[in-house]
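Everything on this sheet refers to the single structure shown next.
The values are calculated or read from the model by the stated rules, or taken from the named source; none is laboratory data. Everything numeric here is computed off the predicted structure, so don't read it as measured data. Cβ placement follows ideal geometry from the backbone for every residue including glycine, while neighbour counts extend to all protein chains displayed.
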Amino acid sequence: MNKRLLCHIVGNVVRVCGALMLLPVAVSLILQSGDTVPLLLSMLITAAVGTALALIQPRRDTLRAREGFAIVAFSWLLVSFLGGLPFYFSGYVPSLVDCFFETVSGFTTTGATILTDVEALPKGLLFWRSFTHWAGGMGVLVLSLALIPKMGARSIHLMRAESPGPSTDKLVPRVANNAKILYEIYIALSIFMVAALLFCGLDLYDAVVHMFGAAGTGGFGTYGDSIAHFNSASVDVVIGIFMALFGVNFSIYYFLIHRNWKAALGNSELRWYWSILLGASCIIALNIMPLYNGNFLTSLRYSFFQASSIMTTTGYATADFDLWPQLSRVILVMLMFIGASAGSTGGGIKVIRFQLLLKSMVRDIRRTVHPKSVNTVKLDGHTVDEGIISGVQGFFFAYILVLLSAVIIVSIDGFSFETSFTAVLATISNIGPGLGMVGPVGNYAAFSGLSKIVLSMCMLIGRLEVFPILMLFSPSAWKK
């Protein structure tokens, strides 16, 4: 393990995080929200820690896969801890464990919260809280690569360790340029969304903050009742559509910009993604029609928004779906498992993995029935390498193992199975709200410190695709 290179790159990432805090400091000064000092103090501490680590110069510039995984894991852990300092210094969140939980939830775009009165926080802190979604949505390492192109050699290992999905394909040869292209698309979609929300009547602050939550598919907002606060069909439609758009693999937008229609529209994951989302929306709409006086369009408004929010793992809510019929709630839980597309800002196991698991299951059934036949798994007309299928199966097993282990530990608190199970599922899938006590009108404040740490690790494990965090506990990874 190249530990000096690890410290150097992690330090640069932390410095970027410190620089990001300038924006909420400026917002606090402009709005005179009274939280400038804790934000400024946190920024200075973060910058100092980052600079101290960055000054450690590596003796060799060798960055292998295991260094990439370790850099990603330590960067996210340190950034999440330092990013929670504004809440601690302000006194609004007096527990460091709660601060860590809230900031991990922000950067991993989970949206789970321990705050019982969100509206009590000053606007500068709320802005930083939501801004962590936007920064973490594409990835703090991808952002750092875009800002610091010479951060380290063979940086593709960093992108592969942080980017969601079974594999990370470069759009262009240089990794730094790849990161810039992704952020150009990300920023463009974000600007369009802010403009649309302004057109719907939101003020600039609310439009930007809720764009952060939707773009990063995180779900933090400024009101206790989430998007339901606006009570606006146009706002629901705009946020619902943009959540779905941010759940699409960003390479699709790159292909569309360059008019590569075949690569974009012929993508099977894209077809599966929209089919699952729209199909779930229609089934839920029919199921909840009695709750909305038999009006299908009104039911579809709420069902599409919630299906989009859950499948993209955003976590915004326009209704208390915990009160919906059992069928609708089961479908939403299934969407929690599936998640969004690979290469998007969404979480979950990803649609492409769901595809490959189903196709490999069908392949194995055919092999059992016809042992001598040649059966391969194909995706978009190409045969999928057995190594990729094995990797997807290994990921799924690790995902389920972590899920069940965390449920056992969280169950020590004595809450209902529905609450404990969906709390873990909602955190490892980076969704936020679950069912029961952690439903759309609930929060995670009542969990013990141990459970909050476990749930925080679930958020990190889910966002970083399991293996970067689990690798830290492997002794062989640290050998020279």
Requested in this report: State which residue pairs qualify: first residue over 14 Å from residue 352 (Cβ atoms) and inside the range 383-398, second residue not in a helix (DSSP H, G or I) in any location, beta carbons under 6 Å apart, and separation of 6 or more residues or different chains.
Outcome: 383/376; 398/466
Query raised in the report: Residues in the range 92-99: is at least one more than 19 Å from residue 113 (Cβ to Cβ), surrounded by 15 or more Cβ atoms within 10 Å (Cβ to Cβ) and modelled with pLDDT under 95?
Result: no
Report task. Output the residue which, of all residues in the range 276-320 that are surrounded by fewer than 24 Cβ atoms within 10 Å (Cβ to Cβ) and touching a Pro at 6+ places or on another chain (Cβ under 6 Å), is farthest from residue 433 (Cα to Cα). Result -> 287
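If you scan the range 98-129, which residues turn out to be under 18 Å from residue 31 (Cα atoms) and either in contact with a Cys (Cβ under 9 Å, 6 or more places away or on another chain) or outside any helix (DSSP H, G or I) (or both)? Give the steps one after another, and end with the answer.
Step one: of the range 98-129, the residues under 18 Å from residue 31 (Cα atoms) are 118-129.
Across the range 98-129, the qualifying residues are 121, 122.
Within the range 292-304, identify whether any single residue is out of contact with any helix residue (DSSP H, G or I) (no Cβ under 9 Å at 6 or more places or on another chain) and either part of a helix (DSSP H, G or I) or within 22 Å of residue 325 (Cα to Cα) (or both), and answer yes or no. Step through it out loud before you land on a result.
Here is the first cut: in the range 292-304, the residues out of contact with any helix residue (DSSP H, G or I) (no Cβ under 9 Å at 6 or more places or on another chain) are 293-294.
This time we only want the ones that are either part of a helix (DSSP H, G or I) or within 22 Å of residue 325 (Cα to Cα) (or both), so: 293-294.
Yes, the conditions are met somewhere in the range 292-304.
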Query raised in the report: over 12 Å from residue 440 (Cα atoms) and under 24 Å from the mean Cα position of the chain (by Cα), is that true of residue 318?
Result: no
Query raised in the report: Based on what the data block shows, is residue 391 surrounded by 12 or more Cβ atoms within 10 Å (Cβ to Cβ), modelled with pLDDT under 90, out of contact with any helix residue (DSSP H, G or I) (no Cβ under 7 Å at 6 or more places or on another chain) and farther than 17 Å from residue 425 by Cα?
Result: yes
Report task. Among the helices (runs of 4 or more DSSP H) lying completely within the range 194-275, list those that include at least 2 residues that are in contact with a His (Cβ under 9 Å, 6 or more places away or on another chain) and within 22 Å of residue 124 (Cβ to Cβ). Result -> 204-215
Report summary line: Within the range 366-384, residues under 25 Å from residue 263 (Cα atoms), in a loop (DSSP other than H, G, I, E, B) and among the hydroxyl-bearing types (Ser, Thr, Tyr) come out as 376
Report task. Look through 36, 46, 51 and report the one residue that is over 18 Å from residue 9 (Cα atoms) and among the β-branched types (Val, Ile, Thr). Result -> 36
